[in-house]
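The values are calculated or read from the model by the stated rules, or taken from the named source; none is laboratory data. Quick caveat, the model's predicted, so the values are computed rather than measured. Cβ placement follows ideal geometry from the backbone for every residue including glycine, while neighbour counts extend to all protein chains displayed. Note: areas computed on protein heavy atoms with side chains; ligands, DNA, RNA excluded. Shrake-Rupley method; radii C 1.70, N 1.55, O 1.52, S 1.80 Å.
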Amino acid sequence: MKFALITDIHGNASALKAVLDTINQDPDIETIYCLGDLVGIGAETNEVIDLIRSDRKIRTISGNHDENVLSLLNGERYPDSYLHAKAHHSWVANQLTAENRVFLGRLPRTISKVVESRRILFTHYAYRDVRAMIGEEPLRPTVDGNKETLPQLFADTSATLICFGHHHPRQFVQVNGTTYVNPGALGCQPEAIAPFAVVSGDSENWDVEFMDVPYDDAAYLESFNASDMPSKELLRKLFLGGRS
């Protein structure tokens, strides 16, 4: 089997389109798993979701930014740990079309797949309680991924392959019979380069190839610069490498 992993698109349709064009050149890739955080940071909110919805190979789960936006739309408790981003998430919520709001609201938090009796888990990150509302802070704190921290982080998860995002750096660890893969944040790198990963093999031996796709960021930056989103210059500095 062979599949692609993308995560943390964060409102960057230009980067997403470049990655999807690259992935779809490989006819052996059966499925693309999107590991959440479609929205937030970038201004191409609906464009990203429209691209995800239009590609039938993509299976998508929700991320915390997606759920933070939905909590505001649904009048639910918003997480205290993201109060600094509440105005930004409110702005994103106001951009969503009705169809894309429904789409986000229907996304599962995890996808589980069994290959030859071995489990693969697709998740945005490790959960304290996968059933808890986003306002209850269901995600575990982020850690630097290594052979000590990742088995502890996912200690209550039984799988030979765990695919996740949320923490933006690329991560790859193999320890105690489990492979941990984070393809890296697709949509918010300091340069106009979009990372993703391709996984192939079987339950006994997973081969992971990391790839970086250069893309033209002119349209992305144009929409970002033209937007009236809160904290725009701080986001540019933190997540776009200052690109203008």
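A few comments on the model shown:
- Carbon/sulfur fraction of accessible area - the chain, other protein chains in place, 1.4 Å, %: 47
- Met211 accessible area, assembled protein chains, probe 1.4 Å, Å²: 60
- Unit charges on C-beta of K, R, D, E only; dipole of the stretch 37-77, Debye: 220
- Within-14-Å neighbourhood charge of Asn205 [Cβ basis; K, R +1; D, E -1]: -3
- Full extension of the segment from Glu116 to Ser90, taken as 0.36 nm per residue of separation minus the current Cα-Cα distance, would add 5.0 nm.
- GNM flexibility winner over the chain from Gly40, Gly177, Gly11 (Cα, springs under 10 Å): Gly177
- Dipole size of the chain about its Cα centre, with +1 on Lys/Arg Cβ and -1 on Asp/Glu Cβ: approximately 520 debye, rounded to the nearest 20.
- Amide H contacts of Ile58 (H built 1.01 Å from N, in plane; Pro and chain starts excluded): Ile32 sit under 5 Å, all sequence-distant by 5 or more or on other chains.
- Rounded to the nearest 5, the antiparallel percentage of DSSP beta bridges internal to the chain is 65%.
- Among the listed pairs Lys86/Lys232; Lys57/Lys86; Lys17/Lys86; Lys57/Lys113; Lys113/Lys147; Lys2/Lys113, those with a Cα-Cα distance over 22 Å are Lys57/Lys86; Lys17/Lys86; Lys113/Lys147.
- Springs join every pair of Cα atoms under 10 Å in this Gaussian network model of the chain, and among Asn46, Asn225, Asn182 the largest mean-square fluctuation is at Asn225.
- Residue of Thr179, Thr149, Thr45 that the Gaussian network model of the chain assigns the largest fluctuation, springs spanning Cα pairs under 10 Å: Thr149
- The stretch 1-136 - share of DSSP beta bridges that are antiparallel (%, nearest 5): 45
- Rounded, prolate or oblate (a/c below 1.5 giving rounded, otherwise prolate when a/b exceeds b/c) for the stretch 1-151 by Cα gyration tensor: oblate
- Near the amide H of Gly36, within less than 5 Å, lie the amide hydrogens of Asp8, Ile61, all on another chain or at least 5 residues away, with H placed in the peptide plane.
- For Ala132 and Asp28, the FRET efficiency from 1/(1 + (r/R0)^6), where r spans their Cβ atoms and R0 equals 35 Å, is about 0.35.
- With all protein chains kept in place, the per residue accessible area of the stretch 57-128 amounts to 48 square angstrom at a probe of 1.4 angstrom.
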